[in-house]
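Trainee: After the structure tokens below, expect a handful of questions from me.
Bear in mind that the values in this text are calculations on the coordinates, not laboratory data. These numbers come from a predicted model, not from an experiment. Quick reminder, even Gly has a Cβ in these numbers, built from the backbone with ideal geometry, and neighbours come from all protein chains shown.
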Amino acid sequence: MKKHFYHLWREDPLLKVVFLGGGDVGLKDFAILSDGTVFKNPTFFRSLEQKLAKEQRILARRKQGAIQRKQPLAEAKNYQKQILMLIFLVAGCAIEKILLH
């Protein structure tokens, strides 16, 4: 029997104890069962967080550009477009986080 993080056992009145299976939880793969089934790690949330960080950096640059041009942020079109992109991205992150839990 291979080493696994957890083992599932069941008591049977006739056979006394029956091994149902085992599994391991890891960093590279989310879970590996004793029959060889591999569940991959859900990485889409990490990629959304990286996109969010990138879009926030772009927003900061847009704000600096508008301030240098002495333009109010309410009239800076690129700044307003970037805010809309961030709103949609944050909403997507929130939905994925809810679905993960």
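Trainee: If we count every other residue with Cβ under 13 angstrom of residue 71's Cβ, Lys/Arg +1 and Asp/Glu -1, where does the sum land? Write down the numbers at each step before the final one.
Mentor: On the way: positive: 62, 63, 69, 70, 77; negative: 75.
Value of the local net charge: +4.
Trainee: Per residue of segment 50-55, in order, report the coupling 6.51 cos²θ - 1.76 cosθ + 1.60 (Karplus, θ = phi - 60°) as ³J(HN,Hα) in whole Hz, putting x for Gly and Pro.
Mentor: For segment 50-55, the Karplus-derived couplings read 5, 5, 4, 4, 5, 5 Hz, x marking Gly and Pro.
Trainee: Sticking with this structure for a sec: Return a whole-number percent for the relative contact order of segment 44-100, with Cα pairs under 8 Å and 6 or more residues apart as the contact set.
Mentor: Details: 31 pairs, mean separation 25.3, N = 57.
About 44 percent, as a whole number.
Trainee: Between residue 69 and residue 98, what is 0.36 nm times their sequence separation minus the Cα-Cα distance? Round to one decimal in nm.
Mentor: Values: separation 29, 0.36 × 29 = 10.44 nm, distance 4.04 nm.
Length gained, residue 69 through residue 98: 6.4 nm.
Trainee: Treating only the Cβ atoms of Lys and Arg (+1) and Asp and Glu (-1) as charged, compute the dipole magnitude of segment 44-100 about its Cα centre; round to the nearest 20 debye. Write down the numbers at each step before the final one.
Mentor: On the way: 12 positive and 4 negative charges, 66 e Å.
The dipole magnitude comes to about 320 debye.
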